[in-house]
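S.K.: Here's a structure for you.
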Amino acid sequence: MACNQVLGGIPRDCESSIGGVKRVLFINHDQLGKVTIEEETGIVTAIEPVNGGKFFEYYPKKDTASFTPSLQVGEGDNRSFKSTLTMNFGKMTASKRVQVNALLINELAAIIEDKNGNYWLAGKDSPLQADPDSGGTTGAAMTDSNAYTVTMSEMSLTLHHPVDAKIIDALIGA
C-alpha cells in the first residue's frame, strides 16, 4: 500500500539556523480545544481554547532548552513520533518551584518558539507529560548549576505542526 506523502524536494538555502528554544507557551491539554490545520501546508492557522483556557509563557534559561521530535518504529512497521522538550529554569526559588510543580503533574499542550522565530505545536494528539528524570538540583560546586530541569514528551502519529505566528498574541493569558 502506497503512502500519501508526496516527495517535492527541499531547495538549498543559505540562511543561518540557530539552535535552541526561546520560550514555551503551555496550556492544560483538556483546554486546548479546536485546532485548525491547513491541509496543504500542515500549518496551524487557528487554536480555539475551551473552558477559558489560555497559554502561559515560560522562559527557560538561555541556551538550555531543546525540542526534539524523532521517528519511532514498532512491530509491524508501525510508525509514530516521540517529541521531547527539555528545559532548564536556573536558580531554584519558591516561586519557580510552584510553576515547575505544575509542569510536572499536569497533562499539557505547548507552543514552542525556537530561536529562529518559528512556532511548533506539541501535545495536540496526546498530552505532553513530564519524564521521571525531571526535578531540581543545587549542584555540588560553585560552578555547578542550581536549577530545575523539566523534560516532557508526547507521542503523535505525525511530526509536530508549525503554528502561524499571527495567532500567538491572542492565545496568551495575562
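S.K.: Using only C-alpha positions, report the orientation-averaged shadow area of the convex hull of the chain, nm², one decimal. Write out the running numbers ahead of the final one.
M.R.: Values: hull surface 52.5 nm².
With the hull built on Cα positions only, its mean projection is 13.1 nm².
S.K.: A follow-up question, please. Hey, fewest Cβ within 10 Å first, where do 144, 30, 169 land in order?
M.R.: Values: 144 10, 30 14, 169 7.
Least crowded to most crowded, the residues run 169, 144, 30.
S.K.: Moving to a separate point now. Grab segment 21-171 and count how many Lys pairs have their alpha-carbon atoms under 15 Å apart, sequence gap of 8 or more, or different chains.
M.R.: Summing the qualifying lysine pairs gives 12.
S.K.: In degrees from 0 to 90, rounded to the nearest 10, what is the angle of the helix 94-105 Cα long axis to the longest principal axis of the chain?
M.R.: Roughly 40 degrees between the two axes.
S.K.: Can you give the extra length, in nm with one decimal, that the chain gains between residue 94 and residue 115 once fully stretched, where that is 0.36 nm per residue apart less the Cα-Cα distance? The partial results should precede the final answer.
M.R.: Numbers: separation 21, 0.36 × 21 = 7.56 nm, distance 2.82 nm.
Gain on stretching residue 94 to residue 115: 4.7 nm.
S.K.: Report the semi-axes of the equivalent ellipsoid for segment 118-173 in whole Å, largest first, where each axis is √(5λ) for an eigenvalue λ of the Cα gyration tensor. The partial results should precede the final answer.
M.R.: On the way: eigenvalues 185, 56, 18 Å².
In descending order, the three semi-axes are 30, 17, 10 Å.
S.K.: So which residue, out of 162, 60, 132, gets the largest mean-square fluctuation from a GNM of the chain using Cα contacts under 10 Å as springs?
M.R.: The residue with the greatest mean-square fluctuation here is 132.
S.K.: Sticking with this one: How much length, in nm to one decimal, is gained on full extension between residue 106 and residue 31, taken as 0.36 nm per residue of separation minus their Cα-Cα distance?
M.R.: Contour length minus Cα-Cα distance gives 25.8 nm.
S.K.: Charges only on Cβ, +1 for Lys and Arg, -1 for Asp and Glu: so what's the dipole of the chain about the Cα centre, in debye to the nearest 20? Walk me through the intermediate numbers first.
M.R.: On the way: 15 positive and 21 negative charges, 135 e Å.
Using Cβ point charges on Lys, Arg, Asp and Glu, the chain gives about 640 debye.
Throughout, read-outs are computed from the coordinates displayed, never taken from laboratory work. Since this is a predicted model, take the numbers as computed values, not measurements. Because the Cβ atoms are built from the backbone with ideal geometry, glycine has one as well, and the counts that use them run over all protein chains shown.
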